[in-house]
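One structure is given here, and the rest of the page talks about it.
The values are calculated or read from the model by the stated rules, or taken from the named source; none is laboratory data. Everything numeric here is computed off the predicted structure, so don't read it as measured data. Glycine also receives a Cβ, built like all others from the backbone with ideal geometry; neighbour counts cover every protein chain displayed. In case anyone asks, the SASA skips ligands and DNA or RNA and just uses the protein heavy atoms, side chains included. Shrake-Rupley method; radii C 1.70, N 1.55, O 1.52, S 1.80 Å.
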Amino acid sequence: MNPTKQPTRRGATGAHRRRQVWLARSSGLGVAAAVVPVVCAFAAVNASGHGLAHRPDLNAAPPTGDGAAGPRVPTAPGVTTVPEPRPARTAPAVPFGSHRRPYAAGVLAVTGDRSDVDGQVVAFYRQWRAAFVRAGCGRFHVVSPDAEYPVVAEAQGYGLVISALMAGADRRARELFDGILGYVLAHPSSQDRGLMAAEQDADCRDVNGGDSATDGDLDIAYGLLLADRQWGSNGRYDYRRLALRRIAAIARSEVDPRTHLLRLGDWASGDGALASTSRTSDWMLDHLRAFRRATGDPYWDTVRRAHQRALSRLLVGPGAGTGLVPDFVVDTHAGLRPASGRVLESEHDGEYSWNACRVPLRLGTDAVTSGDARSVAAVRALTRWIRQASGGDPAAVATGYTLDGTPLASGAHPAFVAPLAVAALTDPTAQPWLDALWRWMVATPVHAGGYYAASVQLLSMIVVSGNYWVP
């Protein structure tokens, strides 16, 4: 597949079609009868400021809204007091390119001058921002032309994390962050108002039930913690208070109380099949560590360990020998196993496909920042298998695999290639592979129709360049 010809991703935000599938399975209807196709007609968006057609004015001041500085309340389970917010700062505490937060011992770096590598990330970031950040509906937001709906929570989570990490390279990073945050706060979930409604249409109206997608909420909370560290919380928004509220809502509505595994969203509760289904790309161990640090609550250690046990089970079972994990696991209340056929999104739900391709990024960030032996072992296993399977050529990486390593589709795609560079960082034998992956990424520009690939690639480049850190 030509990486500039990217498919429409239906469901990879973790919420697309989730409500229709849930209702279809609950009522006995077929999925096809329950899903109404949606056409995202960007060309028809008007120029009134309510659509997505405008480039952002990053000098514009985002509006204030819910979440402005105010009284602090206890939020996460077990927390009785909340520390005072950090004083507001004009300059970021950890500017991009400062490399003030070193990685774990032994982590590799791309061969070459560090400032040149940083500059390549900045150049890609500028492409990403120009392609996907829009001003409309009174706020900045990140658009998702390759998702089922024009705006999704996953994209806003990416935008918050990216803008906080790029502070220092982009002098308007905080304005961008606050603009996206204003959009997030204007779209609370219909199920739990501490979370975000997963999807909006071209006029920024909540659609498809208005409930949440866990991956978006995790990144939103994490982005708020980054912002608190970067700029303090006595400015336009009290980032810390908002982060703690969202972390508490995640615990309340998106963590299964029986297994401590992350649910698909705040809608996936009860006794149905999707209540015992989890998406492996949501298993963001570094985020869970940050939540533990922010709240002081050992509950988040329990949640993290539950996911580590689940990963270990997958990697000594179906993924033994490859390090590959499925998009979704099911029957979590009875153990867990890879999905079989279509569970939520496609016939590849039980394979390494459009969701699980992010696992090397998510697990790799934990490996490089924490040095956790289990995370390191998992990404090394994948790295050593994929190097052999591809012959050390990033262009030979397939667009998805069965768990035993059989390719699903030919053609290297950024969403599948870029995260492998993060996984390679902890393998002392992988320097040539890491450098080859970096050259491939630098030679692969942003495609305006592929927000997902570009966002995953940008996050991967930030990590590989040594500019990622855990608040």
Take the solvent-accessible surface of the protein heavy atoms, probe 1.4 Å, and return the percent of it on the range 326-443 that carbon and sulfur atoms account for.
-> 51
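What is the range 204-339's relative contact order, in percent, from Cα pairs under 8 angstrom and six or more apart in sequence?
Numbers: 163 pairs, mean separation 29.7, N = 136.
Contact order relative to length: 22 percent.
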Euclidean distance between Cα centres, the range 148-163 to the range 230-282, Å | 16
Ordering of 439-452, 352-365 by burial proxy (mean other Cβ atoms within 10 Å per residue, highest first) = 352-365, 439-452
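Sorting ASP228, ASP435 by accessible area (1.4 Å probe), largest first, what list results?
Descending accessible area places them as ASP435, ASP228.
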Packing rank of 366-373, 146-153, 216-223, where each peptide gets the mean count of other beta carbons within 10 Å, highest leading = 216-223, 146-153, 366-373
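Before I look further, what does the range 95-194 give for accessible area per residue, probe 1.4 Å, in whole square angstrom? Don't skip to the answer; put the middle values down first.
Working: 3290 Å² over 100 residues.
Accessible area per residue, the range 95-194: 33 Å².
Within the accessible area of the range 124-254, what % is carbon and sulfur when the probe is 1.4 Å and the other protein chains stay in place?
Details: 1110 of 2780 Å².
Solvent-exposed carbon and sulfur of the range 124-254 make up 40 percent of the total.
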Given 284-290, 252-258, 417-423, the highest-first ranking by average Cβ count within 10 Å works out to 417-423, 284-290, 252-258
accessible surface per residue for the range 383-471, probe 1.4 Å, DNA/RNA/ligands not counted, whole Å² -> 27
